[in-house]
């Protein structure tokens, strides 16, 4: 029997009804959106948020839209933080399929096993049971590409710079034309709109320089509660050397509550150097 990872935030973070979900994502992408059916050459990466679609969906869609207008992926590496505390330090979902209201997407078992072997770590899949940071990306991918691609789901409890660089190096030797890397992260949490924008901009400044050590130092120095800095560090460790900041917003712009917001960033990385 096939192992299936069932959706856990359908109906809360995004609609569980297929037609409602399709209608919402169509609205987020806009009427002008048109998928380029050619394969992504060279491979690319995106930084996208993972909150409920009503808050961060527009920010994520802007990066996905620009990506899929360049081409579609045959394989997507999903990198996200561990919010639940379950599972091992790096948890890779190794086989089977993930399901959303749009259907099932197969896990690239050959690649997941290869990464596990290279990391040489204890692995379990408990981190994926209730984690939302990867799941919420799937409907965007399926809307643009259907279900004819494979995924490599990686959930990071250990977001240290050392571990992120090690994983990035492993992925750099695996990634090829037709691949997309998704780094899932929200930015600063639960401070005012103004303070969050200022803190986020400090991180964005380090991203523009692609300086990982400075990013980690900045997050620590200014107590910035960015939740997916590890996945972002992995993405930037792979070897991309161009970054384009697409959008930067906060939840306050959608909710009207500017006192305790979450920051959202989307960006595209390209020009992979090997």
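Just a few scattered comments:
- Residues considered: 245, 121, 175. Largest GNM mean-square fluctuation over the chain, using C-alpha springs under 10 Å, is found at 121.
- Extension gain, residue 194-residue 31: 0.36 nm per intervening residue step, less the Cα-Cα distance, totals 55.5 nm.
- Cα gyration tensor shape for the range 39-198, rounded if a/c is under 1.5, else prolate or oblate: rounded
- Here the Kirkwood formula, the inverse mean of 1/r across different C-alpha pairs, assigns the range 1-133 a hydrodynamic radius of 16.5 Å.
- Full extension of the chain between residue 41 and residue 211 yields a length gain of 58.7 nm, computed as 0.36 nm times the residue separation minus the alpha carbon distance.
- Geometric descriptor of the range 158-223, per residue, is 114 Å³ (volume of the convex hull of the Cα atoms).
- Distance from the C-alpha centroid of the range 28-76 to that of the range 198-213: 22 Å, rounded to the whole angstrom.
- GNM flexibility winner over the chain from 15, 49, 81 (Cα, springs under 10 Å): 15
- Full extension of the chain between residue 124 and residue 22 yields a length gain of 33.4 nm, computed as 0.36 nm times the residue separation minus the alpha carbon distance.
- Approximate spin-label separation residue 241-residue 114, in nm, with each point projected 7 Å along Cα-to-Cβ: 2.4
- Packing-based order for 230-237, 23-30, 66-73, using average beta carbon neighbours within 10 Å, highest first: 230-237, 66-73, 23-30
- Evaluated at q = 0.07, 0.12, 0.14 Å⁻¹, a Debye calculation over the C-alpha positions of the range 4-272 (equal weights, vacuum) places log10 I(q)/I(0) at -0.21, -0.66, -0.93.
Quick note: the coordinates plus some simple rules give every number you see, no bench work behind them. The structure displayed is predicted, hence computed values, not measured ones. Every residue, glycine among them, receives a Cβ derived from its backbone with ideal geometry; neighbour counts consider all protein chains shown.
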